Amino acid sequence: MRLAHRPRLLLRLPLLSLTRLAERYDRLRQRLRYLSQRQASRRALLMLDDHQLMDIGKSRRQAEQEGRKPFWQS
């Protein structure tokens, strides 16, 4: 690609205002926080003993199935 073509390519890119960029960054941070909390909850679920699992209405099998899911999976 020649340098003369680059300015035209840049003109085609949508320009984001700083406000929209900040909103997108904030949404990304919120999503990452949510995924981090989900991962921590699943790890904690694997650490519970049978009595604690019974208190929350889960079997060991259910806890292991949920706890072993990747953080991005619902």
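Just subtract the alpha-carbon distance of Gln62 and Asp50 from 0.36 nm times their residue separation and send over the number in nm, one decimal.
Gain on stretching Gln62 to Asp50: 3.2 nm.
Could you order the peptides 60-68, 20-28 from most to least packed, using the average number of other C-beta atoms within 10 Å per residue?
Numbers: 60-68: 13.1, 20-28: 10.7.
The peptides rank, most packed first, as 60-68, 20-28.
Rule-based calculations on the coordinates, nothing more; no lab input. Keep in mind it's a predicted model, so treat the numbers as computed, not measured. Quick reminder, even Gly has a Cβ in these numbers, built from the backbone with ideal geometry, and neighbours come from all protein chains shown.
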